[in-house]
There are 2 protein chains.
Amino acid sequence: MKKTKKISLTEISKPLQAELTAFNLHFKEALKSKVPLVDLVTKYLLRQKGKKIRPLLVMLSAQICGGINERSFRGATLVEMLHTATLIHDDVVDEAKERRGLPSINAVWKNKVAVLMGDYLLSRGLMLAVESEDFDFLRVITASVKRMSEGELRQIHKTRKLDIDEKSYFQIISDKTASLISTCCEIGARSATDDENKIKALVDYGENLGIAFQIKDDILDYKGKSKITGKPLGGDIKEKKITLPLIHALSLADEKERQSIIKKIKKSTRGNNLQDILNFVDKYEGIEFSYKVAEEYAGKAKEALSIFEPETRTSLELLTDFVLLRNK
Amino acid sequence: MKKTKKISLTEISKPLQAELTAFNLHFKEALKSKVPLVDLVTKYLLRQKGKKIRPLLVMLSAQICGGINERSFRGATLVEMLHTATLIHDDVVDEAKERRGLPSINAVWKNKVAVLMGDYLLSRGLMLAVESEDFDFLRVITASVKRMSEGELRQIHKTRKLDIDEKSYFQIISDKTASLISTCCEIGARSATDDENKIKALVDYGENLGIAFQIKDDILDYKGKSKITGKPLGGDIKEKKITLPLIHALSLADEKERQSIIKKIKKSTRGNNLQDILNFVDKYEGIEFSYKVAEEYAGKAKEALSIFEPETRTSLELLTDFVLLRNK
């Protein structure tokens, strides 16, 4: 893994400072509610500072296609809302106690409120899309939400059977992660242009970026620093989520070793055998392999941008590098 | 409470037998998925036989407005899907182990799958609405899903503070129940006519019917037979949901008695004090009062139909009576 200079999101966002501030106001406004409990929870949500990569992608995609406008803001607001909804549900599902350095919604208000707040944000987000009266927009969004839940459900299915190969892995991460990232790019593009070539280029960019993003996420589960990522090391293994580093190692091991590792994964719920599994992945260079694959997808993402003028691509290219190099 | 002759849903549905069979096929088809776990769960869902009041309302509303067509089927399918999604999430939220005589989704597949399946059905339902390319349709649906979660969240808020009066109660049940019932009527009507008077009449009918429906539901919690309703008697009290029968009794009691009952409700989680609270409601005729209010709303629902020819109203009128007289 070669080291490159550090890239920060702040650096990438700098040229869009005014627009992102406007987006934050937009988002805050859209979250307001007359229902006191909803208002209380959304105010809390605003304190959980996320990376806001998705709204940034909407903005950058709009910019490269002609310029940011009211529809781009609306699009950014609605994807961030849908993303927030899925995170809240994810935390219920994973019984996560923390999110972005603060206690999770389910930790503070219990599962009941968390499930309903997710539903509320999901429908509120889709209402914004309806208000925009753009069917292409809506089609993309609803299909994406559907794919996200399908991807998660496919992963649970595979996880329970401990039966996963590279093909299923890529299908799962494409559905559960790349679909929304790609939707961000598509929505940003559509808010600024009708040119289907440009839109398609950004959809491709987003799909490949999303896959690179998820592989990197899965690598961080093996190699990240808990203090920085905010998640325990090997969390996926404990949940029996078999991701690319382990899939690769399993594909290279002989049947006997394979079976022995599978047995260890089955018993890994409380963290037993964790070190053995990590050593096994190291032995077959599962991380290095995965990083190379992520780099390939990042490369494809950049290639998809080739129809745009080189000087306009800088921010999206930097964001691609950031996705690979980030440590959380 | 006067006794009238028994009305069954089968009787009301009889004239629409062919259409309801077609709807069932439509619904089954729409639930199919390439994701094995999704397909497994939806097949299970089809075995949980619900009352299917909502699709029936779509059909009857379409019929009275001119006739059932492809769009009515699509509308019926999508409301039943959204309703199913909210039931699945409700069961997670209430930790319910049974639904419609079978173990609940969370009981069989755990919360994780239940939360995601709810999200899947929600987005799948909304995708159907998007495919219909009708903004009025979509506006109604997304607003309704939002109101449902808002109503539930408002109820939780009030429940936690044990602070609820008639006004809040009606706002809550209008949002959490009447909104979708009214949406069913609106969608059915819109699938068959452009006449805004007819559409408005059915929206009013649905809103009033929905309120009557929820009051009756709340009465069944006090007076129903557990074996028939499938829910434990006094379940709402245990969850500290203060509904109309109790609100009425509390409004008539003096401050001292009121405080003593509030104290008992606070301690009622495991069913202690349940009999005292039921006696208190009886003393102030909370059930009788609530039934009278439900009858008033049912009356308003029927009145809303007055713009239609009398001979076309029979089924919707019968359905209104059924909502009041049902014992589950």
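The values are calculated or read from the model by the stated rules, or taken from the named source; none is laboratory data. Here the structure is a predicted model, which is why all the values come from computation and not from measurement. Quick reminder, even Gly has a Cβ in these numbers, built from the backbone with ideal geometry, and neighbours come from all protein chains shown.
Condition first: buried (at least 24 other Cβ atoms within 10 Å of the Cβ) and either among the acidic types (Asp, Glu) or within 29 Å of residue A:232 (Cα to Cα) (or both). Can you find one or more residues in the stretch A:26-36 that meet it?
Taking the stretch A:26-36 as the starting set, the residues that turn out to be buried (at least 24 other Cβ atoms within 10 Å of the Cβ) are none.
The answer is no; no qualifying residue exists.
Any chance you could count how many residues in the stretch B:99-127 are closer than 25 Å to residue A:83 by Cβ and either at the interface with chain A (Cβ under 7 Å from one of its Cβ atoms) or surrounded by 21 or more Cβ atoms within 10 Å (Cβ to Cβ) (or both)?
19
Specify which of the listed residues (B:25, B:16, B:46, B:78) is assigned to a helix (DSSP H, G or I) and within 14 Å of chain A (Cβ to nearest Cβ).
B:78
I'd like the full set of residues that are among the charged types (D, E, K, R), within 25 Å of residue B:213 (Cβ to Cβ) and either at pLDDT below 95 or assigned to a helix (DSSP H, G or I) (or both), limited to the stretch B:238-295.
Hits for the stretch B:238-295 are B:238, B:239, B:240, B:241, B:282, B:288, B:292, B:295.
Looking only at the stretch A:104-123, decide whether some residue is closer than 30 Å to residue A:249 by Cβ and touching a Leu at 6+ places or on another chain (Cβ under 8 Å).
no
Looking only at residues that are hydroxyl-bearing (Ser, Thr, Tyr) and exposed (fewer than 14 other Cβ atoms within 10 Å of the Cβ) in the stretch A:4-25, which one is nearest to residue A:119 (Cα to Cα)? Before the answer, list the steps.
Initial filter on the stretch A:4-25 (hydroxyl-bearing (Ser, Thr, Tyr)): A:4, A:8, A:10, A:13, A:21.
With the extra rule that they be exposed (fewer than 14 other Cβ atoms within 10 Å of the Cβ), the set shrinks to A:4, A:8, A:10, A:21.
Details: A:4: 41, A:8: 33, A:10: 31, A:21: 27 Å.
Filtering first and then ranking leaves A:21.
With the requirement that a residue be facing another protein chain (nearest Cβ under 8 Å) and not charged (D, E, K, R), what does the stretch B:130-157 give you?
If the condition is that a residue be facing another protein chain (nearest Cβ under 8 Å) and not charged (D, E, K, R), then B:130, B:135, B:138, B:142, B:143, B:145, B:148, B:149, B:153, B:156, B:157 are the ones that fit.
Consider only pairs whose beta carbons are under 7 Å apart and that are at least six residues apart or on different chains; among these, list those whose first residue lies in the stretch B:246-259 and is under 11 Å from residue B:164 (Cβ atoms) and whose second residue is not in a helix (DSSP H, G or I).
Taking only residues 6 or more apart or on different chains, the pairs are B:247/B:164; B:247/B:165.
Is there a residue in the stretch A:88-104 that is in contact with a strand residue (DSSP E or B) (Cβ under 7 Å, 6 or more places away or on another chain) and within 19 Å of residue B:156 (Cα to Cα)?
The answer is yes; a qualifying residue exists.
Looking for whichever is crowded, with 18+ Cβ neighbours inside 10 Å, among the acidic types (Asp, Glu) and within 24 Å of residue B:20 (Cβ to Cβ) here; the options are B:150, B:186. Which one fits?
B:186
Look through the stretch B:81-98, keep the residues that are farther than 23 Å from residue B:181 by Cβ and away from chain A (no Cβ under 11 Å), and return whichever of them is modelled with the lowest pLDDT.
My answer is B:98.
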